[in-house]
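The values are calculated or read from the model by the stated rules, or taken from the named source; none is laboratory data. As the structure is a computational prediction, the values presented were derived from the model and not from experiment. Positions of Cβ are generated from backbone atoms using ideal geometry, with glycine treated the same way; all protein chains shown enter the neighbour counts. Protein only, heavy atoms only, side chains kept; ligands, DNA and RNA dropped before computing areas. Shrake-Rupley method; radii C 1.70, N 1.55, O 1.52, S 1.80 Å.
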Amino acid sequence: MTMKRILISVLVLLMAGWSSAYGEDGSCLWLRLDTVNTTAMITGVKGTAMTELQTYWQGDPVVLKRQKGLAKDGYTIKSLNGKIVITAANDAGLLYGAYHLLRLQETGEPCDMLDIKEEPFYDLRILNHWDNPNGTVERGFAGKSIFLNPTPERMRMYGRANASVGINGTVLNNVNAKPEALSTESLQKAKEIADQLRPYGIRVYLSINFASPIKVGGLTTADPLNDEVVGWWKEKVNEIYKLIPDFGGFLVKANSEGEPGPQDFGRTHADGANMLADVLRPHKGIVMWRAFVYAPQSPDRANQAYLEFMPLDGQFADNVIIQIKNGPVDFQPREPYSPLFTAMQKTPMMVEFQITQEYLGAANHLVYLAPMWKEFFSFVKPASLRAMAGVANIGDDTNWCGHHFAQANWYAFGRLAWNPELTSKEIAEEWLKLTFSTLDTLNSQLLSVMLDSREACVSYMMPLGIHHIFAGSHHYGPEPWYNPRGVRADWTPPYYHRADSVGLGFDRTMQGSGNVRQYPDELCRLYNDINTCPENLLAWFHHVPWDHRMKSGRTFWDELCHKYDDGVHEARHFLAVWDAMQPYVDSQRFDEVQHKLRIQARDAEWWRDACLLYFQTFSHRPIPQDMEHPVHNLNEMMQFRIPITMYENPEYGYNK
Ligand code: GCV
């Protein structure tokens, strides 16, 4: 080999090492740390903290110290005589302190004179995976389940990523739980995962099927007040704790969307939840009982959870937490908060956010969700809740989330569960610095893209309070006309938009479904009056006449047209901002994000044209002159369906 060839080979090797170390395929998430020392993994949670610091920390020596008196999982970090001392009451606190230090290093913050005190706002900061035993993920847009064949390397990274943002629990399987989730074989698998996540301070939980005593146990009933049934659950729970001594508990979807529940046996949600809670109590386990319920015959789906759960307020055992979606319908781009949060006074509650973007462009659209979650917290006091759950957007894709920017939502969920007072901007800045350090001084345009992205999505999908006008089943793209024979009304968009010659929107006022009454008086009055109702929720609470005068002076119809068009322009602007980032971003991630942003810009056009042309068949009003006019044809768009299941991300959106 000539000298020149040797030099080239060395260079190629160095570059390959460099690019994999920097993980520019997104596999390292926001943990793109330089290894300074290769150390053997030390066991236990404290061991993980030590390993992480020895491997990646480049500053003064760090001392880890346990000390009573600090809050569980909390920590202090102090500079002391040339050393840094992390103090915590438990090992998890030490680990969180270690990640805090590494975050400071990676974001370029000063690491001398440290005097930090942190404690988590919520004890329980938990991901909900909607993963099925066959490896599909319901509403999963990033490939198959990471738990199907959990490799140690992948589990290690999953554990690190979660612990680095303070997430300390994970529900391994779909709330639409298959009974076999409790089979001995599945429990053995759960044990193996629990063993791999324990060193990261993460406890494992399972979703259960309420009819398991029948389907797994062979009993004739699953009545929660039946002794045999209780006995079966006791035995099953003992079996679980033998395998997983720190098992967290159960998540339950009962009497919802066809899932079995206590009502099948003439019992209440409280009867069902309390029975499981009693069985779990000796092991310190909990029950997260979901309030996501609605009935086909209900005149307003948004009313249902309140109607079923309010009469039970105060009747739940103390190790039950009612898990409520942030909005009363279903993770829409914008919903008011679920009124149960302010109505229930005697029951522990937790919020369920959806990190996976079922209704926000799946893994094709850049939509940073922290602003949506902060909006929720501007109505529901964080202190009124016990915990925070997030439906995970994680799969076996190399970059974990399908879209590089979707990683920011996983990150933001963890950071907000730790501290709901953090601002969306603080979190986005942190994430951008960690994830795209090559952008150097933080790029304010990219930051704005993230911060504006949720509102832009609302504008091009369903502005002014419109909701649930998605394509049937997989929910990707617009299908406001979707109304096949035989499908339940509340699974079709016309149930929600109610477009007619008068106007658009669901009348939830006192004269309508009465949903406004479920809110505190002041909000009830505000929402009930079309002239005071916030315009971003107008068609949520009102059937708005097409000529209703908006604050801008425009008619409702004209405003609607402009909102859709603004959304399209914003999506195009996001692409233009990204295009200008090319010199600063590694080529793989640049190309992949650009590809997605192009889809997003085209999808935004698809949404605008489909919705405006369809609603125009009711409004009979012209598209305003001073905006871009639809470039598609309604009939063509009505024929267009993306042939995917609810377990996939479409490769493209509208491509005609
Ligand atoms: C897990 C919506 C989703 C379903 C999901 C359900 C739930 O209806 O479309 O896929 O099922 O919510 O949260 O239980």
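Any idea which residue in the range 227-260 is least open to solvent (accessible area, probe 1.4 Å), counting only those that are touching a residue at least 24 places away in the same chain (Cβ under 8 Å) and on the phi > 0 side of the Ramachandran plot?
For the range 227-260, the residue satisfying everything is G249.
Residue check: is G390 part of a loop (DSSP other than H, G, I, E, B), within 16 Å of the ligand (Cβ to nearest atom) and either closer than 23 Å to S256 by Cα or without any contact (Cβ under 8 Å) to a residue 40 or more places away in the chain (or both)?
no
Of all strands (runs of 3 or more DSSP E) completely enclosed by the range 32-113, which ones contain at least 1 residues that are open to solvent by 80 Å² or more (accessible area, probe 1.4 Å) and within 21 Å of Y200 (Cβ to Cβ)?
In the range 32-113, 62-66 are the strands (runs of 3 or more DSSP E) which contain 1 or more residues that are open to solvent by 80 Å² or more (accessible area, probe 1.4 Å) and within 21 Å of Y200 (Cβ to Cβ).
Could you look through the range 316-356, keep only residues that are of a type in the set (K, R) and without any contact (Cβ under 8 Å) to a residue 40 or more places away in the chain, and pick out the one that is nearest to the ligand (Cβ to nearest atom)?
For the range 316-356, the residue satisfying everything is K325.
Starting from the range 112-135, take each residue that is over 19 Å from G414 (Cα atoms) and list its partners that are modelled with pLDDT under 95, counting only C-beta distances under 7 angstrom and pairs at least six apart or across chains.
What qualifies is P133/E180.
Check G395 against each of (1) open to solvent by 10 Å² or more (accessible area, probe 1.4 Å); (2) touching a Lys or Arg at 6+ places or on another chain (Cβ under 7 Å); (3) in a loop (DSSP other than H, G, I, E, B) and name the one condition it does not meet.
It fails just one condition, (1).
Give the residues of the range 289-308 that are within 16 Å of the ligand (Cβ to nearest atom) and in contact with a helix residue (DSSP H, G or I) (Cβ under 9 Å, 6 or more places away or on another chain), sorted by residue number.
Within the range 289-308, W289, A291, F292, V293, Y294, A295, P296, S298, R301, A302, A305, E308 qualify.
Condition first: open to solvent by 10 Å² or more (accessible area, probe 1.4 Å) and either more than 10 Å from the ligand (Cβ to nearest atom) or acidic (D, E) (or both). Now tell me which residues in the range 133-144 satisfy that.
Result: P133, N134, T136, E138, F141, G143, K144.
When you scan the range 636-650, do you find a residue that is farther than 29 Å from R139 by Cβ, charged (D, E, K, R) and touching a residue at least 12 places away in the same chain (Cβ under 8 Å), even just one?
no
Considering only the range 484-495, I want to know if a residue exists there that is open to solvent by 60 Å² or more (accessible area, probe 1.4 Å), without any contact (Cβ under 8 Å) to a residue 60 or more places away in the chain, under 17 Å from V329 (Cβ atoms) and of a type outside the set (A, V, I, L, M).
Scanning the range 484-495 turns up at least one residue that is open to solvent by 60 Å² or more (accessible area, probe 1.4 Å), without any contact (Cβ under 8 Å) to a residue 60 or more places away in the chain, under 17 Å from V329 (Cβ atoms) and of a type outside the set (A, V, I, L, M).
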